[in-house]
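Reviewing the structure listed below.
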Amino acid sequence: MNYEGKKAAFYTLGCKLNFSETSSIAGTFKEVGFERVGFEEEADVYVINTCSVTNQGDKASRNIVRQAVRRNPNAMVIVVGCYSQLKPEEVGHIEGVDMVLGTQEKFNIPAYLGNLEKRKSTEIKVTRLANIKSYHKAFSWGDRTRSFLKIQDGCDYYCSFCTIPYARGRSRNDTIENTVKEARKAVEKGYKEVVLTGVNIGDFGKTTSENFLDLLKNLEKVDGLHRLRLGSIEPNLLKDEIIKLVAGSKVIMPHFHIPLQSGSDEVLSLMKRKYSTGLFAKRIQRIRELVPHAFVGVDIIAGTNGETEALFQESYDFINGLEISQLHAFTYSERSGTQALKIPWKVEVEDRKRRTQMYINLSEKKLRAFYEKHLNTNQTVLFESKKNGEEMVGFTENYIKVETPFREDLINEMQRVRLQSILPNGHVAVNFD
């Protein structure tokens, strides 16, 4: 069916993987004639790509759905993503929702649209987890200078606190050859930087008898790709060979994002993580030996079941002693169906929030120290956006966020600058050579 003259709007919650997939979903709408408009505009179809990592993710998803319904009560409202796969009936009970599509169904939404009439009752189309086996490629495109390239989906780890394996299925990927083709498409669209994304990117190759290291070596060779940035990679999968490759590469950026989740071995065991604090510390030490100027971001969860005050302090002290650049701190949220619910010792919500804030404060201290260490050095910045009519921002190769007065000629351009000072908003002011 052709939908010329019809308008579709999209909203993405959650991770960068969701953003890349929303772009691909939007592409299927364009192929059948839809015009893409902003979510704040009146559209004929609204697609909300949801997140369900925490209870807050569920709540935010519901709020966005209600916004779409209020904006145009006659529009078709379609909800996809992790929340839809995990709790389709709950999503279906939100007033105004016409369709709930699961992990596999979301990549072929136009096939379900029909004449765009509001449904008398919500249609739910969700494939059972055991039958989710297909892999759908995706990369984000739009206003950003960076494109998020999906290289892997699903997860086989089943950590005790996490619902992602239940929302996305087993770990799977496309071939290196096809993934490189997608990277070339991103470059052809004008992107100078590609960020690799997935649920567990270091697990790449499991379904094709390939490996993540070889993928990186092939992506390095893509003509016109100036920057390749790694997404989050598990510490047990961040092999020495990968760190060495980054250290010697002119294309792969000196930037690592490594989930730790807890700095206590006892809590890591309760979480069913696949590494120890000792291994994590060795990874950080090796990065500092081979790529001393690298940005290292670390994920941490505060207040998970079983984390006593003493174990939290152990975790805090461990992280405080690491030479990292920033923490991404999350407050533990109970998720139905996870093994963590069986762990005794529940942390009070206020204590969870307090611990999260302590991590946030530590992160701010470490980020400032990292920035200060690089002041008065020359760096290459890719300017990517303007905050308003007066300033624009960009990132150095090692992910320092800089800000300077807006210049049209610098957007989406590489520019050599000198890092000058830290601004009140935490960004870094620069001088041009």
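The values are calculated or read from the model by the stated rules, or taken from the named source; none is laboratory data. All values derive from a computational prediction rather than experimental measurement. Methodologically, a virtual Cβ is constructed for each residue, glycine included, from the backbone with ideal geometry; neighbour enumeration extends over all protein chains shown. These area figures cover heavy atoms from the full protein model, side chains too; ligands, DNA and RNA do not enter into them. Shrake-Rupley method; radii C 1.70, N 1.55, O 1.52, S 1.80 Å.
For this structure, a couple of remarks:
- Matching option when the condition is surrounded by fewer than 16 Cβ atoms within 10 Å (Cβ to Cβ) and out of contact with any strand residue (DSSP E or B) (no Cβ under 9 Å at 6 or more places or on another chain), among 120, 133: 120
- The listed residue being within 23 Å of residue 17 (Cα to Cα), surrounded by fewer than 17 Cβ atoms within 10 Å (Cβ to Cβ) and modelled with pLDDT of 95 or more, out of 240, 214: 214
- Filter pass, residue 63 being within 26 Å of residue 130 (Cα to Cα) and either loosely packed, with under 15 Cβ neighbours inside 10 Å or of a type in the set (Lys, Arg) (or both): no
- Of the candidates 115, 173, the single residue that is open to solvent by 70 Å² or more (accessible area, probe 1.4 Å) and at pLDDT 90 or above is 115.
- Exactly one residue among 95, 90, 41 is open to solvent by 10 Å² or more (accessible area, probe 1.4 Å) and over 30 Å from residue 130 (Cα atoms), and that residue is 41.
- Some residue of the range 354-371 being among the small types (Gly, Ala, Ser), in contact with an Asp or Glu (Cβ under 7 Å, 6 or more places away or on another chain) and surrounded by 12 or more Cβ atoms within 10 Å (Cβ to Cβ): no
- Residue check, residue 124 touching a helix residue (DSSP H, G or I) at 6+ places or on another chain (Cβ under 6 Å) and farther than 30 Å from residue 201 by Cβ: yes
- Any hit, the range 338-345, residues being among the aromatic types (Phe, Trp, Tyr), within 25 Å of the chain's Cα centre (by Cα), surrounded by fewer than 20 Cβ atoms within 10 Å (Cβ to Cβ) and over 18 Å from residue 426 (Cα atoms): no
- Residue 249 meets the conditions (1) under 19 Å from the mean Cα position of the chain (by Cα); (2) of a type in the set (S, T, N, Q); (3) closer than 17 Å to residue 290 by Cβ in every case but one. The failed one is (1).
- Taking the numbered list (1) open to solvent by 50 Å² or more (accessible area, probe 1.4 Å); (2) in contact (Cβ under 8 Å) with a residue 60 or more places away in the chain; (3) outside any loop (DSSP other than H, G, I, E, B); (4) not charged (D, E, K, R) in turn, residue 167 passes all entries but (1).
- Failed item, numbered, when residue 35 is tested on (1) surrounded by 16 or more Cβ atoms within 10 Å (Cβ to Cβ); (2) touching a Lys or Arg at 6+ places or on another chain (Cβ under 6 Å); (3) not hydrophobic (A, V, I, L, M, F, W, C): (1)
- Meets criteria (touching a Phe, Trp or Tyr at 6+ places or on another chain (Cβ under 8 Å), part of a strand (DSSP E or B) and within 25 Å of residue 191 (Cβ to Cβ)) for residue 430: no
- Scanning the range 260-274 for residues that are crowded, with 20+ Cβ neighbours inside 10 Å and not in a loop (DSSP other than H, G, I, E, B) turns up 260, 261, 267, 268, 270, 271.
- Of residues in the range 386-427 being assigned to a loop (DSSP other than H, G, I, E, B) and basic (Lys, Arg), the one modelled with the lowest pLDDT: 387
- Any hit, the range 296-315, residues being aliphatic (A, V, I, L, M), in contact with a Phe, Trp or Tyr (Cβ under 6 Å, 6 or more places away or on another chain) and within 18 Å of residue 397 (Cβ to Cβ): yes
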